[in-house]
Amino acid sequence: MAWRFGAGYAALIVLGLALPLSSGQMEGLGRYTAVLFPVPLLLASFQGQARHVLLVGALAMLYTLGLVLFANVHPLY
């Protein structure tokens, strides 16, 4: 983020994730991260194959995490 858009956007993302992740509660994480608009901006700036590989890799990791949490009977929210 800092390389592509500058340190201000990177600081916004880091500070925006620091508080909800430091609390240990994952219930409200979606609410707090929904306003971090530079993340979709960063994804939209990638061209062609790089965007495809990044999105497929990230979604595969999230799917695996959800599958592990579901198999261990942890709530996904």
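The values are calculated or read from the model by the stated rules, or taken from the named source; none is laboratory data. Worth saying up front: this structure is predicted, and the values here are computed from it rather than measured. All Cβ positions, glycine included, derive from the backbone under ideal geometry; neighbour counts span all protein chains shown. In case anyone asks, the SASA skips ligands and DNA or RNA and just uses the protein heavy atoms, side chains included. Shrake-Rupley method; radii C 1.70, N 1.55, O 1.52, S 1.80 Å.
In region 16-29, which residues are small (Gly, Ala, Ser) and either open to solvent by less than 70 Å² (accessible area, probe 1.4 Å) or modelled with pLDDT under 85 (or both)? Residues satisfying the conditions are GLY16, ALA18, SER23, GLY24, GLY28.
Criterion first (touching a residue at least 40 places away in the same chain (Cβ under 8 Å), aliphatic (A, V, I, L, M) and open to solvent by 80 Å² or more (accessible area, probe 1.4 Å)) does MET61 satisfy it?
On the way: touching a residue at least 40 places away in the same chain (Cβ under 8 Å): no; aliphatic (A, V, I, L, M): yes; open to solvent by 80 Å² or more (accessible area, probe 1.4 Å): yes.
The answer is no for MET61.
For region 35-48, state whether one or more residues are open to solvent by less than 60 Å² (accessible area, probe 1.4 Å) and in contact with a Gly (Cβ under 7 Å, 6 or more places away or on another chain).
Checked against the condition, which is being open to solvent by less than 60 Å² (accessible area, probe 1.4 Å) and in contact with a Gly (Cβ under 7 Å, 6 or more places away or on another chain), region 35-48 yields at least one hit.
Just give me the residues in region 48-77 being assigned to a helix (DSSP H, G or I) and on the phi > 0 side of the Ramachandran plot, in sequence order.
Matches in region 48-77: GLY48 only.
Evaluating VAL35 against the criteria (1) β-branched (Val, Ile, Thr); (2) closer than 29 Å to TRP3 by Cβ; (3) more than 13 Å from the chain's Cα centre (by Cα) leaves one unmet condition, (3). Annotation note: of GLY24, GLY8, GLY30, GLY16, the sole residue that is among the small types (Gly, Ala, Ser) and not in a helix (DSSP H, G or I) is GLY24. TYR32 meets all of the listed conditions (1) of a type outside the set (Val, Ile, Thr); (2) in contact (Cβ under 8 Å) with a residue 24 or more places away in the chain; (3) in contact with a helix residue (DSSP H, G or I) (Cβ under 7 Å, 6 or more places away or on another chain); (4) open to solvent by 60 Å² or more (accessible area, probe 1.4 Å) but one, namely (2).
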